Structures are given as C-alpha cells and as structure tokens.
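Asker: Here it is, the structure in full.
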Amino acid sequence: MSSSPSTDDSGALLGPADIRELAAALGVRPTKQRGQNFVIDANTVRRIVRTAEVRPDDVVVEVGPGLGSLTLALLEAADRVVAVEIDDVLAAALPATIAARMPARADRFSLVHSDAMHVQELPGPPPTALVANLPYNVAVPVLLHMLDRFPSIERTLVMVQAEVADRLAATPGNKVYGVPSVKANWYAQVKRAGAIGRNVFWPAPNVDSGLVSLVRRDKPIETSATKAEVFAVVDAAFAQRRKTLRAALAGWAGSAAAAEAALVAAGVSPQARGESLTVHEFVAIAEQKGATT
C-alpha cells in the first residue's frame, strides 16, 4: 500500500469484503440493541461526504463510526476528524484501521471512547461540522445534544431512519411534525437531503434510511425565555396531540385559563394545536408564561 494515499485512491475506503473481514477479526456482530448497521459501500460514504459539503478546512465530528467506512471518506476531505464511539471493541480497533488504510492522514484523526450523550468536550479545534450514520434508536437525542453542546458546529448531515428524517425535516401542518421537528429547528434550518437504500448496509436493515441536512441559524433565536422554557412548551403541546393548546398547556401554565391567557398574549389561538405552530410561536408562548398573573 502507498504510504500517502491520494484523495482519489478508493482502495483506502472499505468495501463489503473489508467490512466482513474486519468484523470477523474483531469478533464483532452488529447488535440491534445499539442500532448498528455498517455501511459497506464506498460510493455511498463518498456521496454522504459530498452532500455534507465537507471542506478541506473542516473539523468534522462523527458519532458512531463503527468499523470506519464513513470515517475514512471524511478523512479524505476534511482537515480533521473526531470520532465518538461507545463500543469498546470498535473504539479500540478504529485507530489501527485508520493507520493501516490512510497512514498519511492518521495524525488528523482523534477517537473519543464515550457515549455521545455524555460528551461535554472534544479534543483539538472546535468542530465545524457533524456528519454521522446515527444509530436509529438514539438518533434524535444524540443530534440535539451535539448541536446544543457544540455551537461551533455550523453544518450537519446525518443518516437516520427515513421516518425519523421525515420528522426532523417536517414543517408546521405536516402530520409528522412534532417535538423533533421543532427542537431541531430551534438550532438550524432543516431539510431532507436524499434517501439511502437498504442494500448499502450490513446487515441490511428492514427500514429505509434518509439524509437530513441541518444548517445552524446565523443568529440564535432571540428570546427572553430560556431554551429549557421553550422546550417545556413544545413537550407539553405534543404530549396530547389531539387536544387544543388551551387544554394541552393547562398543566404547563397552571390551569386552562392561564394557558389561554398566555396563548392570547402570544398571538396564538387557544383552539390551535401544536402541529400548526412554528418554533417562533412556541418561543412567544414561553415568553408569556405567568405574564398575565
């Protein structure tokens, strides 16, 4: 192998045989418990990197790198890659895979052996992008935690279950618009960025996957309410989707009458339902809690 693989040397990336060989050597069997499905197609990981618009000066954080398929493609394109892996065996093996397949870039790779939900800091310069094939069962909380904890992340591209992708990118009035849609929109402009077939994974999942692009807002939403206060309104509004906001927010406000007063003061109809509101309307409601008492 060349000691300095060029960026068009697809031999550095992992194919189906490489993935199975690595997994066998490590005694790894993908587990449903952790939502593990390894990408085995080099064209797919290159497409993800392209869609993420990874730049040569980017510091990319990847959550759940697995055996390193996407990690290697990211290392080709970015300045640095920091991978966060919870699995003991995979975390131990990944640095060796990087060193063997992309030795000239190995010093630009860092591994954090941790649960992404508990990560509070990352080594090296602040991350500018998040690109990940997120485990299906924890995709939304991990995404929101990373966006909240690392405000330097400007661009995000995540691969998630198609249903989750639809929810994240949904707009008000859509039947799948809900808590993930609003909370993601608090941080970023969100949109679907493509679909991924099942046959590029091992094992092949029994659900389709989708790409979601999130571009952080130039300026955080201005509000006198805290993020926690806004998110409390969002959670209450969708906890009982079929109820009007007057009824759904009664517990949050202290009574149905107090909820109605806050809604009217915020310029929102008490008869509206959560799925019709923008993130800015939820912010306005949060600002009015107790304003009329």
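The values are calculated or read from the model by the stated rules, or taken from the named source; none is laboratory data. Just so we're clear, the structure is a prediction, and the values are computed from it rather than from any experiment. Please note: Cβ atoms are built from the backbone with ideal geometry, for glycine as well, and neighbour counts cover all protein chains shown. Note: areas computed on protein heavy atoms with side chains; ligands, DNA, RNA excluded. Shrake-Rupley method; radii C 1.70, N 1.55, O 1.52, S 1.80 Å.
Asker: In straight Cα distance, which aspartates and glutamates are under 19 Å from Lys183, not counting same-chain residues fewer than 8 positions off?
Answerer: Asp148, Glu154, Glu163, Asp166, Asp218, Glu222, Glu229, Asp235, Glu275, Glu281, Glu287
Asker: Compute the projected area of the convex hull of the Cα atoms of the range 47-137, averaged over all viewing directions, and report it in nm² to one decimal place. Walk me through the intermediate numbers first.
Answerer: Values: hull surface 22.5 nm².
For the range 47-137, averaging the hull's shadow over all directions gives 5.6 nm².
Asker: By per-residue mean of other Cβ atoms within 10 Å, what is the highest-first order of 83-94, 61-72? Walk me through the numbers before you get to the answer.
Answerer: On the way: 83-94: 19.1, 61-72: 26.8.
The most tightly packed comes first, giving 61-72, 83-94.
Asker: Regarding the range 229-293, what whole-number volume in Å³ per residue does the convex hull of its Cα atoms give? All intermediate terms of the calculation are to be shown ahead of the outcome.
Answerer: On the way: hull volume 4.1 nm³, N = 65.
Normalising the Cα hull of the range 229-293 by residue number yields 63 Å³.
Asker: Two-decimal Rg/Rh of the range 95-164 from alpha-carbon positions, Kirkwood Rh? Provide the component values of the computation, followed by the final result.
Answerer: Working: Rg = 13.5 Å, Rh = 13.6 Å.
Using only Cα positions, Rg/Rh for the range 95-164 is 0.99.
Asker: Around Ala204, under 12 Å between beta carbons, what's the net of Lys plus Arg minus Asp minus Glu among the other residues?
Answerer: Numbers: positive: Arg198; negative: Asp41, Asp208.
Net charge in that neighbourhood comes out at -1.
Asker: I would also like to ask the following. Once you have the Cα-Cα distance between Glu53 and Arg241, take 0.36 nm times their residue separation minus that, and quote the gain in nm to one decimal. Working shown, then result.
Answerer: Values: separation 188, 0.36 × 188 = 67.68 nm, distance 3.66 nm.
Length difference between fully extended and current span is 64.0 nm.
Asker: Can I ask one more? Using 0.36 nm per residue of separation minus the Cα-Cα distance, give me the extension gain between Val89 and Glu121 in nm, one decimal. If you can, show how the numbers build up before the last one.
Answerer: Numbers: separation 32, 0.36 × 32 = 11.52 nm, distance 2.21 nm.
Full extension from Val89 to Glu121 adds 9.3 nm.
Asker: Sticking with this one: What spacing in nm lies between the two simple spin-label points modelled at Arg108 and Ser276, each 7 Å away from Cα in the Cβ direction?
Answerer: So the two model labels end up 5.1 nm from each other.
Asker: What part of the accessible area of the chain, given as a whole %, is carbon or sulfur when the probe is 1.4 angstrom? Before the final figure, lay out the partial values.
Answerer: Numbers: 6710 of 13270 Å².
Roughly 51 percent of what the probe reaches on the chain is carbon or sulfur.
Asker: Summing Lys, Arg as +1 and Asp, Glu as -1, what charge do residues with Cβ under 14 Å from the Cβ of Arg217 carry, Arg217 excluded? If you can, show how the numbers build up before the last one.
Answerer: On the way: positive: Arg155, Lys183, Lys191, Arg216, Lys219, Lys227; negative: Asp148, Glu154, Asp218, Glu222.
Neighbour charge sum, excluding Arg217 itself: +2.
Asker: Hey, another quick one. Points 7 angstrom from Cα along the Cβ direction at Ala257 and Asn174: gap in nanometres?
Answerer: Here the answer is 4.0 nm between the modelled labels.
Asker: Defining a contact as two alpha carbons under 8 Å apart and six or more residues distant in sequence, what relative contact order in percent does the range 54-200 show? Present the calculation step by step, with values, prior to reporting the outcome.
Answerer: On the way: 228 pairs, mean separation 29.5, N = 147.
That works out to 20 percent.
Asker: So what is the diffusion coefficient of the range 53-208 in µm² per second by Stokes-Einstein at 37 °C and 0.692 mPa s, using a Kirkwood Rh over Cα pairs? Walk me through the numbers before you get to the answer.
Answerer: Numbers: Rh = 16.1 Å.
Taking Rh from Cα pairs, D becomes 203 µm²/s.
Asker: Using all Cα-Cα distances in the range 173-267, what percent lands in each 5 angstrom bin from 0 up to the longest?
Answerer: Whole-percent P(r) values from 0 Å outward: 2, 11, 15, 18, 16, 13, 10, 7, 5, 3, 1.
Asker: Right, another one. What FRET efficiency comes out for the pair Ile221/Ala162, r = Cβ-Cβ distance, R0 = 30 Å, nearest 0.05?
Answerer: Numbers: r = 28 Å, r/R0 = 0.94.
Computed FRET efficiency for Ile221 and Ala162: 0.60.
Asker: Then there's this: At a threshold of 8 angstrom on Cα-Cα distance, excluding pairs fewer than six apart, so keeping six or more, what relative contact order does the chain reach in percent? Before the final figure, lay out each step's value.
Answerer: Values: 534 pairs, mean separation 41.1, N = 293.
Rounded, it is 14 percent for the chain.
Asker: Another question, then. Tell me the chymotrypsin sites (Phe, Trp or Tyr not before Pro) within the range 207-278 that lie in a loop according to DSSP and have at most 12 other beta-carbon atoms within 10 Å. Show your work: numbers first, answer last.
Answerer: Values: sites: Phe231, Phe238, Trp252; in loops: none.
Nothing satisfies the criteria.
Asker: With a 1.4 Å probe and all protein chains left in place, how much accessible area per residue does the chain have, in Å²? Display every interim value, and only then the final one.
Answerer: Details: 13270 Å² over 293 residues.
So the chain comes to 45 Å² accessible per residue, rounded to a whole number.
Asker: Going out from 0 in 5 Å bins, what whole percent of all Cα-Cα distances in the chain drops into each bin?
Answerer: Taking all Cα pairs of the chain, the binned fractions are 1, 6, 12, 15, 16, 14, 11, 8, 6, 5, 3, 2, 1, 0, 0 percent.
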